[in-house]
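The structure appears right after this line, and notes come after that.
The values are calculated or read from the model by the stated rules, or taken from the named source; none is laboratory data. Note that the coordinates shown come from a computational prediction; the quantities given were computed from them, not determined experimentally. All Cβ positions, glycine included, derive from the backbone under ideal geometry; neighbour counts span all protein chains shown. With ligands, DNA and RNA removed, areas are computed over all heavy atoms of the protein, side chains included. Shrake-Rupley method; radii C 1.70, N 1.55, O 1.52, S 1.80 Å.
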Amino acid sequence: MRPYPYVAVLFDMDGTIIDNVPLHQAVWQEFTRQYQLFIPEQELDYAIGRKAAEVIKHFWPAATPDEVSRLLRERQELYRVQLADSDLVHPVAGIEAFLTRLGGMGVPRVLATDAPPENVEAVFRKFGFAPFFEKIVTSDQVHHGKPHPEIFLTGANSVGAIPNRCLVIEDSSAGIAAAKAAECTCLGISTTQSQAQLLLEGADFVAADFHALPEELAAEGNLGAGEQP
């Protein structure tokens, strides 16, 4: 039996371990309407895969930095309130089994997300993900968001792993760019973009979900990294 090919696996959150794009879009629609911005659904697609602050700057181009911060806090709170009772958010198929297999082999699992810690806590409360991750890196722990590689470099360092021996799992263009800039291997999950687009963005592997992983990444029948058969 072969060892797992990566010494640690770093996971994005939104769109990667949970499919929450429908809820995010519903929240954007409600939030913009609260401010009398009636944006067509097609234009709201701008928000898919983008940081919330970037979306606010796009829809409120005249907002000052203080206003952007205030709008961001309000929008994130609305998301968390709706997340608690929403049926629009689901774990990506197969994620729990994959995380369990990695843990059983002693492969560190790191959550590395541009989301604030409050959003991570809300997701973990809803889906019980806390036991699956050895380390968590959130937006407040880094100075630069994706596509800058800092979050994945920090995540690898948190478990003592060399970045070029880590696997990053992402769903967005910015996340893939960050992974490649960190010299990590990248698996793209096609929740927000097509598999063809993910490959164009630079993903090394693609899959629809965690049931459909390439054989070499599936962690089925592998030993832990560094173990002997």
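For segment 107-118, how many residues meet the condition of being at pLDDT 95 or above and either aromatic (Phe, Trp, Tyr) or assigned to a loop (DSSP other than H, G, I, E, B) (or both)?
The qualifying residues number 2.
Any residue in segment 67-90 that is in contact with a strand residue (DSSP E or B) (Cβ under 8 Å, 6 or more places away or on another chain) and under 30 Å from Glu220 (Cβ atoms)? Working first, answer last.
Here is the first cut: in segment 67-90, the residues in contact with a strand residue (DSSP E or B) (Cβ under 8 Å, 6 or more places away or on another chain) are 89-90.
From the residues that got through so far, the ones that are under 30 Å from Glu220 (Cβ atoms) too are 89-90.
Scanning segment 67-90 turns up at least one residue that is in contact with a strand residue (DSSP E or B) (Cβ under 8 Å, 6 or more places away or on another chain) and under 30 Å from Glu220 (Cβ atoms).
Go through segment 1-99 and tell me which helices (runs of 4 or more DSSP H), entirely inside it, have 1 or more residues that are touching a residue at least 40 places away in the same chain (Cβ under 8 Å) and crowded, with 17+ Cβ neighbours inside 10 Å. If you could, list the steps in order and put the result at the bottom.
On the way: elements: 21-34, 41-44, 52-59, 65-85.
Result: 21-34, 65-85.
Going through segment 139-178 one residue at a time, which ones are part of a helix (DSSP H, G or I) and touching a residue at least 60 places away in the same chain (Cβ under 8 Å)? Let's see the steps before the verdict.
Here is the first cut: in segment 139-178, the ones part of a helix (DSSP H, G or I) are 139-141, 150-158, 163-165, 173-178.
Residues satisfying the conditions are Phe152, Gly155, Ala156, Arg165, Ser173, Ala174, Gly175.
Hey, Ile136 hits all of (1) within 23 Å of Glu201 (Cβ to Cβ); (2) in contact with a strand residue (DSSP E or B) (Cβ under 6 Å, 6 or more places away or on another chain) but one; which does it fall short on?
(1)
Going through Phe205, Phe210 one at a time, which residue ends up being within 25 Å of Arg101 (Cα to Cα), modelled with pLDDT of 95 or more, open to solvent by 40 Å² or more (accessible area, probe 1.4 Å) and of a type outside the set (Asp, Glu)? Explain how you work it out, then say what you get.
Values: Phe210 fails: open to solvent by 40 Å² or more (accessible area, probe 1.4 Å).
None of the other options fit; the residue is Phe205.
Among the residues of segment 100-124, write down those that are open to solvent by 10 Å² or more (accessible area, probe 1.4 Å) and over 15 Å from Asp14 (Cα atoms).
Once the filter is applied, which keeps residues that are open to solvent by 10 Å² or more (accessible area, probe 1.4 Å) and over 15 Å from Asp14 (Cα atoms), segment 100-124 yields Thr100, Arg101, Gly103, Gly104, Met105, Gly106, Pro108, Arg109.
Glu215 passes all but one of (1) in contact with a Pro (Cβ under 6 Å, 6 or more places away or on another chain); (2) modelled with pLDDT under 95; (3) among the charged types (D, E, K, R); which number fails?
(1)
Yes/no matrix, rows are residues, columns are (1) open to solvent by less than 30 Å² (accessible area, probe 1.4 Å); (2) modelled with pLDDT of 95 or more:
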position: Ser139; (1), (2): no, no
position: His144; (1), (2): no, no
position: Glu150; (1), (2): no, yes
position: Gly160; (1), (2): no, yes
position: Gly175; (1), (2): yes, no
position: Lys180; (1), (2): no, yes
position: Glu183; (1), (2): no, yes
position: Ile189; (1), (2): yes, yes
position: Thr192; (1), (2): no, no
